[in-house]
Every structure is written in C-alpha cells, then in structure tokens.
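Written below as structure tokens is the structure these notes are about.
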Amino acid sequence: MVQAKTWILTKHFDGFPKDSDFELKVEELPAPKDGEVLLEAVFLSVDPYMRPFSRVRMNEGDVMIGSQVAKVIQSNNPAFPVGSHVVGRCGWRSHTVCDGMGLVPIMPEWPKDVSLSLALGAIGMPGLTALYGIEEVLGLQKGETLLVNAAAGAVGSVVGQIAKIKGCKVVGSAGTDAKVAFLKELGFDEAFNYKTVGSMEEALKKASPGGYDCFFENVGGLSSSVALQQMKNFGRIAVCGAISTYNDSTPQTGPFPHLTMIFKQLKMEGFMQSRWEHKNPESLKRLMGWLKEGKLQCREHITKGFEKMPAAFMGILRGENVGKAIVVV
Ligand SMILES: NC(=O)c1ccc[n+]([C@@H]2O[C@H](COP(=O)([O-])OP(=O)(O)OC[C@H]3O[C@@H](n4cnc5c(N)ncnc54)[C@H](OP(=O)(O)O)[C@@H]3O)[C@@H](O)[C@H]2O)c1
C-alpha cells in the first residue's frame, strides 16, 4: 500500500491566495489494476493559470490542479514501463494511480545531460506557449520589433529568445533589476524594470522609438493599455495571460483600448496553447534542437520539498521566480 501526499484546495481563493486555502492530506492508494500505473512525482510545476482555473475548474476539497514529471514505479500498462518518465496532469500529488490516459512519455531522444524538469518549462507547456504565440498568433517576421512583459518568467524568457532566433528586436519588461540583468544575458536588446522606471510610456518609447510591431501580452491591466499606445499601425497583440488581474476580487475597469485599436488598426487575439496540441511532438523537438544548439537558455527557480507547493505557487504570484518555477520533491 502506497501513501500519497496531496495538496487540497480547502477554500476558493479570495484575493491573493493564503496558506489556509490549502491543506496537506495523506491518502492510501490502491494497487494499480490491469492497464494502470503507479507514478511517483519527481518535479512539479506551479503556474499562474492555477489561480484563474481553480475558480472555474475546481471545487473546494479537490486536489490542486497541475502537471508533474513522474517516474513509473509500478506498471500494468505496457505503454509505460517501470523506470520510464512521463508528464502528467496529476495535480499536486506525490503519488498517483491512473490508467495512462493523458500521460505523455518523455521524448525518447531526451539528452541524458538535460534535466527532465525542463519538460515542465522551456521544453514543455510554457515553451510551447511561447512558440505558438509567436508563430501561430503573431506571425512574427524577421526584422520586426517585439515587446514581451513578465519577460523573465517561464513563457516570457522563451518568447524573447525565439524572437531573437527569428532575427527580431526584442524588448522585455520585468519586476526586478536582477531579472532585467537576466534578460540582457539572454540577448534581449532592451529590458527595463517596470516597477522602477517611473513612466512606462517613456521606457517603452526609449526602448523602441519607432514603436512595436508585436506585443506578447502576459500581464494585462493598466500597463497593457500603456503598451497598446506604443504599437505601430497594424500592430499585432497575442493575449497570452493577464497575471496582474488574477487576484482581483472585483474586476479592474478602464482605460478602454478601443480608440487606440481603431486608430492604429491593431489586431488582438487571445489564445490557449492547447489549440495546437497536435503539433506538440514536432514543436518540442524544435525547442530541444534550439536548446542543444545553445540558442535557448533555460533558467529555473527551484523550490525543494513537496510541502512547499503552496509557498512556491504564491511565490510566482509575487514575482519571486526568475525563469520557470519548479518544485523538486
Ligand atoms: N494562454 C496560454 O496558453 C498560457 C500558457 C502558459 C502561461 N500563460 C500565461 O502567461 C503568463 C506568464 O506565465 P508564466 O508561466 O511564464 O509565469 P512566470 O512569468 O514564470 O511567473 C509569473 C510572473 O508574472 C509576474 N507578475 C506576477 N504578478 C504580477 C502583477 N501583478 N503584475 C505584473 N506582473 C506580475 C512576475 O514577474 P515580474 O517580477 O516581472 O512582475 C512573475 O514572476 C501568465 O499570465 C500565464 O497565465 C498562458
């Protein structure tokens, strides 16, 4: 009999999440039946989407949603041999018994010297988000100028690097000077700390006096309205996230972007990376190719210990992470 540790959402978040919204519970797992496997979590992901999705996809008392890299430790399913690793949407659980539905085996050509944790980051969902936002939504072209916010995070750091690979000028904003230094290390042409610049408008103008062709939007709220005004005519905006609004108890109002969008004839499209799931195997190989060629650097913000899951999650909502936030069991 295996005991699984789980993190339960005891109470729907109201404003910024609190320790008391989570509870660590232990449950006894049954032995895997025919076709089932027993998984042991190795790396767990904490992601901003968990905050808005908890409200629409979860009930109080549910195990927190989320993905993990897990090792198969018992198997009655030949597709997942003992000792192999998978990415699964198992939630915040140390151990899981499941029938294999939705589990994605780590790609066979995964290099031995690359941490499997990257399957939750640059060579996983956040990397795919960056790639699809750039290629499928923005259609970013060589020579264009791209703006990305939350630029030092899991998605933003990959966005900037792919845009450089494509021969573009890249401007990024982030919330600390250390993050700005990291963006420069990654090859961003311009980067600024949006918390200390004073005027976002001036910072955006200074970074690209001619304006922006493309905007990869991760943050939302007031700062986005300022960014929209710096777009070139016919600029394109990929709305990937709105993290600055996720903890709002009452929705933010205005300024409204319509006139700016009309006068500049902007095109804005929201997206979820899952739209292009059918392309994932090929896309993950491309991301891995860039990593192996040294064109894609992957920073991780590691928290040790399953018991720290809530702290790691709340940490990303406070901007504590540089790169992808990962919990190592
Ligand atoms: N559409 C999709 O399919 C999809 C998929 C994945 C992620 N996303 C979205 O993409 C965005 C980035 O996700 P990620 O996984 O890469 O997270 P992340 O950037 O690694 O971490 C979140 C970062 O957001 C910034 N932030 C937090 N609160 C903020 C606030 N109130 N105002 C401004 N910035 C704030 C912080 O950086 P600073 O220090 O720079 O503020 C923090 O480090 C999120 O909005 C997420 O929901 C969308």
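Hey, does the range 229-251 have a residue that's of a type in the set (Val, Ile, Thr) and over 19 Å from the mean Cα position of the chain (by Cα)?
From the range 229-251, those of a type in the set (Val, Ile, Thr) are 237, 239, 243, 245, 250; that's our starting set.
Going one step further and asking which of them are over 19 Å from the mean Cα position of the chain (by Cα), we end up with 250.
Yes - at least one qualifying residue is present in the range 229-251.
Can you find even one residue in the range 47-64 that is part of a strand (DSSP E or B) and in contact with a helix residue (DSSP H, G or I) (Cβ under 8 Å, 6 or more places away or on another chain)? Don't jump to the end; show me each part of the working.
If we filter the range 47-64 for residues that are part of a strand (DSSP E or B), which is where we start, we get 63.
Then keep just the ones that are in contact with a helix residue (DSSP H, G or I) (Cβ under 8 Å, 6 or more places away or on another chain); that gives none.
No; the residues of the range 47-64 include none that is part of a strand (DSSP E or B) and in contact with a helix residue (DSSP H, G or I) (Cβ under 8 Å, 6 or more places away or on another chain).
Is there any pair linking a residue in the range 144-171 that is more than 8 Å from the ligand (Cβ to nearest atom) and in a loop (DSSP other than H, G, I, E, B) to one that is among the β-branched types (Val, Ile, Thr) and modelled with pLDDT of 95 or more, with Cβ under 6 Å and at least six apart or on different chains, and which?
none
Anything in the range 309-329 that is of a type in the set (D, E, K, R) and either part of a helix (DSSP H, G or I) or within 19 Å of Ala119 (Cβ to Cβ) (or both)? List them, or say none.
Lys324
Which is farther than 20 Å from Met64 by Cβ and within 16 Å of the ligand (Cβ to nearest atom), of Ile237, Ile302, Ile316?
Ile237
When the residues of the range 92-109 are narrowed to those that are touching a Leu at 6+ places or on another chain (Cβ under 7 Å) and closer than 16 Å to Gly289 by Cα, which ends up surrounded by the most Cβ atoms within 10 Å (Cβ to Cβ)?
The selected residue is Ile106.
Any residue that is in contact with an Asp or Glu (Cβ under 7 Å, 6 or more places away or on another chain) and within 14 Å of the ligand (Cβ to nearest atom) - is there at least one of those in the range 201-222?
For the range 201-222, residues in contact with an Asp or Glu (Cβ under 7 Å, 6 or more places away or on another chain) and within 14 Å of the ligand (Cβ to nearest atom): absent.
Within the range 209-229, can you find the residues that are buried (at least 19 other Cβ atoms within 10 Å of the Cβ) and over 25 Å from Thr129 (Cα atoms)?
Selection gives nothing.
Six or more apart or on different chains, Cβ under 6 Å: which pairs go from a residue in the range 1-16 that's without any contact (Cβ under 8 Å) to a residue 60 or more places away in the chain and of a type in the set (D, E, K, R) to one that's surrounded by fewer than 17 Cβ atoms within 10 Å (Cβ to Cβ) and not in a strand (DSSP E or B)? Could you list them?
Here the result reads Lys11/Glu60, each pair linking the range 1-16 to a residue that is surrounded by fewer than 17 Cβ atoms within 10 Å (Cβ to Cβ) and not in a strand (DSSP E or B).
The values are calculated or read from the model by the stated rules, or taken from the named source; none is laboratory data. All figures in this text were calculated on a predicted structure; none of them were measured in a lab. All Cβ positions, even for glycine, are placed from backbone atoms using ideal geometry, and neighbour counts span all protein chains on display.
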